[in-house]
1. With the requirement that a residue be touching a residue at least 40 places away in the same chain (Cβ under 8 Å) and either open to solvent by 10 Å² or more (accessible area, probe 1.4 Å) or farther than 16 Å from VAL98 by Cβ (or both), what does the stretch 267-281 give you?
2. Quick one: ALA10 ticks every box in (1) in a helix (DSSP H, G or I); (2) surrounded by 17 or more Cβ atoms within 10 Å (Cβ to Cβ); (3) hydrophobic (A, V, I, L, M, F, W, C); (4) modelled with pLDDT of 50 or more bar one, so which box is it?
3. Being of a type in the set (D, E, K, R) and more than 20 Å from ASP242 (Cβ to Cβ) is the filter here; which residues of the stretch 141-196 pass it?
4. Could you identify the single residue in ALA157, ALA127 that is assigned to a helix (DSSP H, G or I), of a type in the set (Gly, Ala, Ser) and under 30 Å from THR284 (Cα atoms)?
5. Does the stretch 280-297 include one or more residues that are in contact with a strand residue (DSSP E or B) (Cβ under 6 Å, 6 or more places away or on another chain) and either modelled with pLDDT of 95 or more or under 16 Å from LEU68 (Cα atoms) (or both)?
6. Quick check: anything in the stretch 245-265 in a helix (DSSP H, G or I), crowded, with 20+ Cβ neighbours inside 10 Å and aromatic (Phe, Trp, Tyr)?
7. Working carefully through the options ALA159, ALA103, find the one that is in contact (Cβ under 8 Å) with a residue 60 or more places away in the chain and touching a strand residue (DSSP E or B) at 6+ places or on another chain (Cβ under 7 Å).
8. So for the stretch 137-145 (the condition being surrounded by 15 or more Cβ atoms within 10 Å (Cβ to Cβ) and under 29 Å from ALA239 (Cβ atoms)), does at least one residue qualify?
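The values are calculated or read from the model by the stated rules, or taken from the named source; none is laboratory data. Worth saying up front: this structure is predicted, and the values here are computed from it rather than measured. Note: ideal-geometry Cβ built from the backbone for every residue, glycine included; neighbour counts use all protein chains shown. Note: accessible area is taken over every heavy atom of the protein model, side chains too, but ligands, DNA and RNA are not part of it. Shrake-Rupley method; radii C 1.70, N 1.55, O 1.52, S 1.80 Å.
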Amino acid sequence: MSLLSLPIRARRALAGLVLLAATACTTGPSLENQGEVTAPPGDSKELTIGSAGFTESDLLAQMYALLLERAGYSTDIISVTNREIYEPALESGQIDVVPEYAATFADWLNAKANGADAAPVGSPDLAATMKALRALAAPRGLTVLDPGRAVDQNAFAVAASYAKKHDLRTLSDLGRANLPVRLAAGDECVQRPYCAPGLEKTYGIDIVAVDPKGVGTTQAKQAVQNGQDQMVLTTTTDATLDEFGLVLLADDKKLQNADYVVPVVNRARAGSDGVRDAFGRLNTVLTTADLASMNEQVDSWRRLPEDVARTYLESKKLIPKG
C-alpha cells in the first residue's frame, strides 16, 4: 500500500522516517544502559503507532489509533516496513506502539539477543510463547500486552472440489488419504519445520514437490485452482480463498506456531493501564475471521484501512459512530 494513500493523520509522522532509518542502528538503547524494568511505566498522551506496511498491519494500526484516541490520547501512524528499523525505534521511544505476532516476534528477539542459530522459542503453545516473548522484551524496555482471539498463522488450502472428492477437512485427513501432493509455497518451504518437513513428519503427507510460487500469491493459488498443484501455503487471515475456489484444511495437530496478534509498547512511554485497557477492549471481540474480512475489504474492495477499521470498531460499539 502506498504511504500517500494513508489518511492525513497517518502521514503526519512520515517526516520521521528518514530519522528512523538513519538512527535505528544507533538510537536503540543497549540492554546494559536501559532503565530498571521496575521503574514506573510511562503514560505519554502523544503516541506514535508503527505499521509494518502491509494491509493487516495497517488495519491494526488504525484500530489502535482510534481506540487510543477514544481513551484520550493523541496519535500519529508511521509506516516502517522493515522490522530491523522499527523494533530499535520502538526501544528508543521514536515509535511507541506496534502490532506484532507473538511467536514470530519472540523468535526475532531471541535471534537478536542470542544469535541467528539460537533455538526457536516460539511454539504452538501460546502460554509458553508469551512467557518467552515477555522475558525477551522486558530488558529492552518493551511491554507485550495480552493477546486477543485473532491469530495470523501459516495455513494450507486445497481446492474445494479436491477436498470434497477425498473427504478432507483437516491436514490429518490429507495424510491418511496417502495422496501425492505438490505444494505451492516459498522456496524456503523445503527446509522450514512448519512447512514441507513438518507436514511430512507431523501429518504423514506425501509432499512430492514444492512449487516455488511464494506464500499465498495469486500464482500459487491459481496453480491449485487449475490442478497443477494440490495445496498452497497461505495464512489464516487470507480473504481471497473463495475467489479461487479454495478451502483451508485445519491444523488439527497444531503444527503452526502461536502467532496471535499482540500489541507491543515502549514501557517508558506507553506502559500505562490506560493504554492496556484501550487495547484490552479490542481483545474481547477481534477474531481471525474478522481480520480476514477486513483484509478483503481493503485488498479486494479497495476501501481505505482507516474507514474499514472505524466501521468495524463502531459495529462492535468500541467507539461512537462519527
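1. If the condition is that a residue be touching a residue at least 40 places away in the same chain (Cβ under 8 Å) and either open to solvent by 10 Å² or more (accessible area, probe 1.4 Å) or farther than 16 Å from VAL98 by Cβ (or both), then ARG267, ALA268, ARG269, GLY271, SER272, GLY274, ARG276, ASP277, GLY280, ARG281 are the ones that fit.
2. The single condition ALA10 does not satisfy is (4).
3. ASP146, ARG149, ASP167, ASP173, ARG176, ARG182, ASP187, GLU188, ARG192
4. Only one candidate qualifies: ALA127.
5. yes
6. no
7. The conditions single out ALA159.
8. Within the stretch 137-145 (the criterion being surrounded by 15 or more Cβ atoms within 10 Å (Cβ to Cβ) and under 29 Å from ALA239 (Cβ atoms)), the answer is yes, since at least one residue qualifies.
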